[in-house]
Structures are given as C-alpha cells and as structure tokens.
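Structure first, then comments.
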Amino acid sequence: MKYRRYPKTDLIVSEVGFGLWTTSTDWWGKMSDAQAVALLHKALDLGITLFDAADTYGNGRSEEQLAHAFSGRRDRVVYATKFGYDFYNYAGERKGQQEIPADFSPAFVRFALEQSLRRLKTETIDLYQIHNAHLEQIASDELFALLESFKSEGKIRYYGVALGPAIGWLIEGIEAAEKRNVTSIQMIWNILEQFPGDEMLRAAYGVKADTGYMVRVPHSSGMLEGKYSADTQFAAGDHRRHRPRSWLLNGIQKVEQLRFLETRERTLGQAAIQWLLAEPRIMTVLPNIYDEEQLTEFAKASDTVPLTREELEKISALHADNFGIEEAPMKYKGTMSFETAVPR
C-alpha cells in the first residue's frame, strides 16, 4: 500500500480507502456487523488506513462498526464521516431509496457531531464532511464558522465536502474548492463517468486551491470490475437492480474495449483504480467492497503497475468518442447533477 498526504496538512491516508456504505446498509446485500468488522480488520492488515463512514449509513451503524473494529487501534486509522441528514427524526424505511430531510442549523450540526463522536468512541474525527452539500451549504458562512470552531475545540481535525447524491454537483465542487478551499472533496469519478469530476479538478488547478480529492464509485457501480454479462441479475435489495437494462448492456460494450488494461500484473478492477491514482490531486479511492476476495484485489491496486502514457491516451480517445456507442441523454437532477446514482 502507498500513502498520500492531503495538501498542507498532516492528514496521511492510504491510496485505497474503505467506504462503509456497503457494510452498513442493505443496498449491496445484507451483511452482519461481525462480517463487517472482520472485513475492516482485514483491510487494516492490507494497509488500508482511511475509513469513510456517514452518520446516516444504517442510522449510525457505520460509525458503530468502526468503533467495534478499531477499539484500541484508533491511532492507526483515519476516520472520515459525514453529517447533515436528520435520520433521528426520519429513521423509517427510505422508500425508493429517496433522500430524507437534512438539517444544517448550528444546533443540529453540533448535536450530530456529538452523536458521531459517541458512536465512534473517539475524541476527535479526522475528516468531517458536509454530506451531499448544496450551494446553500457551500455559501453558508455560519456553517463554515461552526466547522472552524469544531477544529478549535479539538473535536475535528479537518473538514470537507461530500458531493452527491448523483454524479453531478459541478458548481458545488468548484465553489467548495475556490471559495472555501476545503481540505477534501469527495466525488464520483471513474473511467466511464469522467464528467463533472474532470471539470472540478481543472477548476481547482486554475485557482490553485489546496484541496485533495476522495473518489467514490471508482468502478462505476461494479461495471469496471469486468465481471458483468448480459445475463447478470442483481438481487432484489441491490440498488443496481433499479438501473435501466441499457446501463448494463452499454456498460459491457465499453468494458470490452478496456480489456487491454488487463495484464499479468493487474486486473481490470486494479487498472481502474490506477487510472484515478494517475491524478496527483486524488488522495484516496473508495471502491465498493463487499467480500474479502474483492477487498484483497482492490487493496493491492496501489502497488500494481501504473498505467502508461499510451494507455491513458487510449482511454481518453475512447471516452471522447463514448466508446462508439450512441446513448440517450441522461436526465438532469438538481444542480448540474445526473440521475444515475442512488442517494448516499
């Protein structure tokens, strides 16, 4: 495993991190807390140190899993978590995987922080992220003053923004880097879904912001693992079941054109991570992990052969031509957001 330091901080993270969305919710299949803790232990053994949770994942469950896994080893791991959703008052079933109401008032945010600290059984959170921030939150001097006060109080070390729920939110990402110069921005970015991540990175370079990026969905919901076929069926509770069949069929066609990235030294899934790590502003990558075999494959990606210039250029050419596939335009949702992912 290799490690990177967020710009102008002492926050060092593993190039491959672990997101607890898969272990604490049922959207990738059911997993017991014992199974989750075993995976988290294995992740640390493989060199993973960055663990990304959210207070709303499983209504507190992801943070509790971290506390159970790393009691007595807190100094060896980096805790990233998120705040904003009011699951305390809206804790019922999320029909259709819809977003629940959020609350960014100072009183609620301080309450949410104290509850996260309690569940994590820690005195400080390494990276505290605004969950699925909108422009209203990015523009809130009051919210960012509160986050600064949390730093002064020693309750958090750094803060950032997690963008979503879909792949868009271009303006929010640019404003967060340019106007707030946050430590971290979490976004979706992968070989198949390069917009608007590439635009956000280009803008950050333009204003010389000291922002590092955390990437989620690096395999385009599993597509870039290269294991889907036209016969693939997703379980009833799996969020991918709700996607149109064209997503599966078109994705398979694109992946077949990326098979040149597979070598004796790396899998396609590892190459997808190396494509992200070729960008120096990417601090850590959060693959969706739901079993030990997959965890081992992705954790080893950091040490596989980096992509060559020729490979990177070929990927750019394929993407520029949309892999030669004509697709119906995606629907806009919210502020520059595409309706291609479920709320997270």
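The values are calculated or read from the model by the stated rules, or taken from the named source; none is laboratory data. Keep in mind that what you see is a predicted model, and the values were worked out from it rather than measured. Neighbour counts run over all protein chains shown; Cβ positions are idealised from the backbone, glycine included.
Structure values in brief
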{"item": "Residue count for the range 1-35, restricted to those that are within 19 Å of GLU63 (Cβ to Cβ), surrounded by 18 or more Cβ atoms within 10 Å (Cβ to Cβ) and either without any contact (Cβ under 8 Å) to a residue 24 or more places away in the chain or aromatic (Phe, Trp, Tyr) (or both)", "result": "4"}
{"item": "One residue from ALA38, ALA53, ALA80 being farther than 21 Å from ARG216 by Cβ and either surrounded by fewer than 16 Cβ atoms within 10 Å (Cβ to Cβ) or at pLDDT 95 or above (or both)", "result": "ALA38"}
{"item": "Filter result (crowded, with 23+ Cβ neighbours inside 10 Å and more than 21 Å from ARG4 (Cα to Cα)) within the range 181-192", "result": "ILE191"}
{"item": "Residue identified as part of a helix (DSSP H, G or I), hydroxyl-bearing (Ser, Thr, Tyr) and over 28 Å from GLN98 (Cα atoms) among THR296, THR263", "result": "THR296"}
{"item": "Selection status of GLN294, under 29 Å from VAL13 (Cα atoms) and crowded, with 22+ Cβ neighbours inside 10 Å", "result": "no"}
{"item": "Exclusive hit being under 30 Å from ALA272 (Cα atoms), charged (D, E, K, R) and in a helix (DSSP H, G or I), set GLU148, GLU199", "result": "GLU199"}
{"item": "Filter result (surrounded by fewer than 18 Cβ atoms within 10 Å (Cβ to Cβ) and either polar (S, T, N, Q) or modelled with pLDDT under 95 (or both)) within the range 100-121", "result": "ILE100, PRO101, SER105, GLN115"}
{"item": "Selection from the range 148-172 of residues that are surrounded by 24 or more Cβ atoms within 10 Å (Cβ to Cβ), in contact with a Phe, Trp or Tyr (Cβ under 8 Å, 6 or more places away or on another chain) and either free of Cβ contacts under 8 Å to residues at least 24 places away in the same chain or not β-branched (Val, Ile, Thr) (or both)", "result": "GLY160, LEU163, GLY168"}
{"item": "Residue within the range 250-259 that is assigned to a loop (DSSP other than H, G, I, E, B), polar (S, T, N, Q) and either at positive phi or crowded, with 19+ Cβ neighbours inside 10 Å (or both) present", "result": "no"}
{"item": "Condition met for GLY168 (at pLDDT below 95 and in contact with a Ser or Thr (Cβ under 8 Å, 6 or more places away or on another chain))", "result": "yes"}
{"item": "Residue in the range 14-27 that is more than 20 Å from the chain's Cα centre (by Cα) and of a type in the set (Ser, Thr, Tyr) present", "result": "no"}
{"item": "Failed item, numbered, when LYS30 is tested on (1) touching a Phe, Trp or Tyr at 6+ places or on another chain (Cβ under 8 Å); (2) modelled with pLDDT under 95; (3) not aliphatic (A, V, I, L, M)", "result": "(1)"}
{"item": "Whichever residue in the range 209-226 is surrounded by 23 or more Cβ atoms within 10 Å (Cβ to Cβ) and assigned to a helix (DSSP H, G or I) and, among such residues, is modelled with the lowest pLDDT", "result": "MET223"}
{"item": "ARG259 more than 23 Å from GLY324 (Cα to Cα), over 22 Å from the mean Cα position of the chain (by Cα) and without any contact (Cβ under 8 Å) to a residue 40 or more places away in the chain", "result": "no"}
